[in-house]
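Asks: For reference, the structure I am asking about is given below.
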Amino acid sequence: MSEIILETKGLTKHYGGVEALNNANFTLHKGEHVAIMGDNGAGKSTFVRQITGVEQRTSGDIVFDGAPVHFSGPIDAREAGIETVFQTLALADDLDVPDNLFLGREITKWNWLGPFRVLDYKAMRAATIEGLQRTAVKIPNIRNTIQNMSGGQRQCVAIARTATFASKLTIMDEPTAALGVQETEQVENIIRTLKEAGEPLILVSHNMRQVMDLMDRIVVFRRGRIVADLRKEETDGQDIVAYITGAKTQPQFEGAA
C-alpha cells in the first residue's frame, strides 16, 4: 500500500450532549480515491469539517502528510495543501472566475512598493485558463460573474479552484447533489482527471453509481461512527445500503452503531 497522506485517530465531535462524530479512525493513501457514505445526519460533513479546520474537534488526532496537525481554520488547511469543495461552494457571486479562483491568494506585482500592492490580473487570468484546461472545465467567458452562471458552471468553478491549487489532497462534499446529468458528467470527468494525475481525493456522496464507478474504497458512517470500510471490488450497492441502514456491521466495528 502506498504512503498514508491522511489519518485520523479517535476523531470525535460533540455539540453539547449530541455526539455528531465519535471515535472515527480513518486512513487515506496517496493517490487513493475514497468515498464517504451514510444517511443524512450520519456524521459525514461533520467529519470533513474537523479535517479542514472549519470546526474544532472535541478530541482525537489528525495526521496529515506524516505530521500531526491542528488547523485553526480552513485557511490553515488550505495552506497545508488541503483544498475543499463544500456544499455551499463558498463563491463570491459578484466576482468573475479569476477573482474567485484567487480569492484570498491574489497574485500581485510591483511588490517593491512596500505595503502597497497591485493585482496582476493578467497573470491570474492566464493561471485560471491553465487551471480550467487541466481540469477539463469549460467556461465560455471567464470574465462572467458567478451570479450569471448556471448551477453546474458554479460547481465546476468551485471544483476547478480546488483542483488548481490542491498540492496534496482534494475533498469534495456532495459536488453533484444539485446538478443535472450533463453537469454531473463534467464533474465526474474532473474526478477522473485527478485520479489520472495521482492526486488523492475524499468524496462525500449519496450517489451509489458514482461511487462504484469512480472510487477505490467506501467508508460508511452511521450515527456519527464509522461502521464499514470496504474495497470497491469486494462489495456492491446492496451490501453498502445494508451498512448504511444498520442491517449489517463489519466485525471490527461491532457495537459502533
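Read-outs: derived from the displayed coordinates by stated rules, not from any lab. Just so we're clear, the structure is a prediction, and the values are computed from it rather than from any experiment. When we count neighbours, we look across all protein chains shown, and the Cβ atoms used for this are built from the backbone with ideal geometry, even at glycine.
Asks: With all distinct Cα pairs included, what does the Kirkwood hydrodynamic radius of the range 207-256 come out to in Å, to one decimal, could you say?
Replies: Result for the range 207-256, one decimal place: 11.0 Å.
Asks: May I ask for the angle, rounded to the nearest 10°, between helix 151-165 and the longest principal axis of the chain, with both axes built from Cα atoms and the value confined to 0 to 90°?
Replies: Tilt relative to the chain: about 90 degrees.
Asks: With contacts defined as alpha carbon pairs under 8 Å and 6 or more residues apart, what's the relative contact order of the range 1-111 in percent?
Replies: For the range 1-111, the relative contact order is 24 percent.
Asks: Continuing with the same structure: To the nearest 10 degrees, how steep is helix 121-134 against the longest Cα principal axis of the chain, on a 0 to 90 scale?
Replies: Its long axis makes an angle of about 40 degrees.
Asks: Here are several values of Rg and Dmax of the Cα atoms in Å: [x] 18.1, 60; [y] 18.3, 55; [z] 19.0, 65. Which one was derived from the coordinates shown?
Replies: [z]
Asks: Using +1 at the C-beta of Lys and Arg and -1 at the C-beta of Asp and Glu, which of T128, A247, G16 has the Cα lying farthest in the positive direction of the dipole of the chain?
Replies: T128
Asks: Compute the signed sum of charges (Lys and Arg +1, Asp and Glu -1) over the other residues within less than 13 Å, Cβ to Cβ, of Q182.
Replies: -2
Asks: Nearest 10 degrees is fine. How inclined is helix 181-196 to the longest principal axis of the chain, computing both from alpha carbons?
Replies: Rounded to the nearest ten degrees, it is 90.
Asks: For Q87, what charge total do you get from the other residues with a beta carbon under 10 Å from its beta carbon, if Lys and Arg give +1 and Asp and Glu give -1?
Replies: So the environment of Q87 carries a net charge of -2.
Asks: Using a simple charge model, +1 on the beta-carbon of Lys and Arg, -1 on the beta-carbon of Asp and Glu, nothing else, what dipole does the range 4-253 show about its Cα centre, in debye to the nearest 20?
Replies: Dipole magnitude for the range 4-253 comes out near 260 debye.
Asks: Continuing with this model, one more query. Show me the ranking of peptides 19-32, 225-238 by mean Cβ neighbours inside 10 Å, starting with the highest.
Replies: 19-32, 225-238
Asks: Now, a different point. Explain nothing, just the number: relative contact order of the chain, from Cα pairs under 8 Å at least 6 residues apart, as a whole percent.
Replies: Result for the chain is 25 percent.
Asks: When the helices in the chain are scored as -39500 (n - 2.57) per DSSP H run of 4 or longer and the sum is shared across all residues, what 222 nm value do you end up with, to the nearest 500 deg cm²/dmol?
Replies: Calculated at 222 nm, the ellipticity per residue is -9500 deg cm²/dmol.
Asks: Once R0 is set to 25 Å, what does the formula 1/(1 + (r/R0)^6) return for the Cβ-Cβ distance between L119 and D76, expressed as a FRET efficiency to the nearest 0.05?
Replies: 0.55
Asks: How large, in Å, is the range 35-149 by the Kirkwood hydrodynamic radius built from its alpha-carbon pairs?
Replies: Computed over the range 35-149, the radius equals 16.9 Å.
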